[in-house]
């Protein structure tokens, strides 16, 4: 504060200090005002940047939602196409397999007639051609069904001894033609699985082993390990290199380039798919030029299966003179059944086309066995025919259903009635075995 009595020099010094303080305050005020303005401008710029990024994000989310909708539509279309394919193959399988099944019966009847060497050769070549077509059709139908998301399995006890016996009869000619030994270790083991697909798994493994074995042989057996029975298929073939042990389970994959080895490379793909769906672990071990061992793990069931001691030929002779009532709407199949039942098995066939005709043909004398095709005319089914015939006979007449449909509902309906189920194309040997089991 200035005083009047202060010397002029002191008053000037005080004024200078006041002036410096005021100037400093003004400078700080200006600096503060500039910083606030900069911050304001930065905040405005940041807000604009956030708004721009928000708009870009909203656009990206809208694009992503559109892509997701398009993908959902495409996926739905693909699933519907796959279901349509499965429905078509399921519906067409009967019509596809029916003529092949009839041809097999006729060809089997032909082999029982006297023939010269050229006719025998032609018959063998025809049998091989039919076998190849049958395997390919089964492979296509199996892959289609296994790829379906709605597949159901008919899990039930399966006696591996019975399975081995059927496989031995089926693959013995194939092994003999290559000069190989084919052995099945006797067993009483019972496992839980789908009998149709377990047989397909075993068929593909045994067939594959024989195809790629040129000397020695193939041995099939089962080993118990705790609660698991391991189905083992060992061959003395060329072995599988380590680099190929994954790809052999893919479609159309074959080892080597031997064009003389039959097949399309689908067997192991079906094995992998079926084992994955059924929850059966599968493994392989192999050594170059020493052979390969495939193992499939199957859950064991307590209790042993009864041994079959009756020789097959003697058992077949017991069918002679027995009456078999056939319910089949296809003319060719009816004629094929007549020839096989009468000429090979020595039975007395009564052939009908549907439930009403079968009831009329039965009259008051029930047959010894019923052979019914599942798909008949006008919505009629083989199961309905069996129910009606059993009701009319007032007793559970032994029966077998033959079908080309891989439908778990059919399998369950047959199992509920104690009726075995045979797949088309039906083999005469399988039909004979089924009838022997029914009339045992």
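Each of the peptides 178-191, 104-117 was scored by the mean count of other Cβ atoms within 10 Å over its residues; in descending order, highest first, they stand as 178-191, 104-117.
Taking a ≥ b ≥ c as the square roots of the eigenvalues of the alpha carbon gyration tensor, segment 155-214 is prolate, as a/c is not under 1.5 and a/b beats b/c.
What separates the Cα centres of segment 206-221 and segment 385-417 is a distance of 37 Å.
Using only the Cα atoms of segment 312-438, build the gyration tensor, take square roots of its eigenvalues as a ≥ b ≥ c, and label the shape rounded, prolate or oblate: rounded if a/c is under 1.5, else prolate if a/b is larger than b/c, else oblate.
Verdict is rounded for segment 312-438.
Shape analysis of segment 377-440 yields a ratio of the Cα radius of gyration to the Kirkwood radius, Rg/Rh, of 0.96.
Values quoted throughout were computed directly from the atomic coordinates according to the rules given, and no laboratory measurement underlies them. Since this is a predicted model, take the numbers as computed values, not measurements. Every residue, glycine among them, receives a Cβ derived from its backbone with ideal geometry; neighbour counts consider all protein chains shown.
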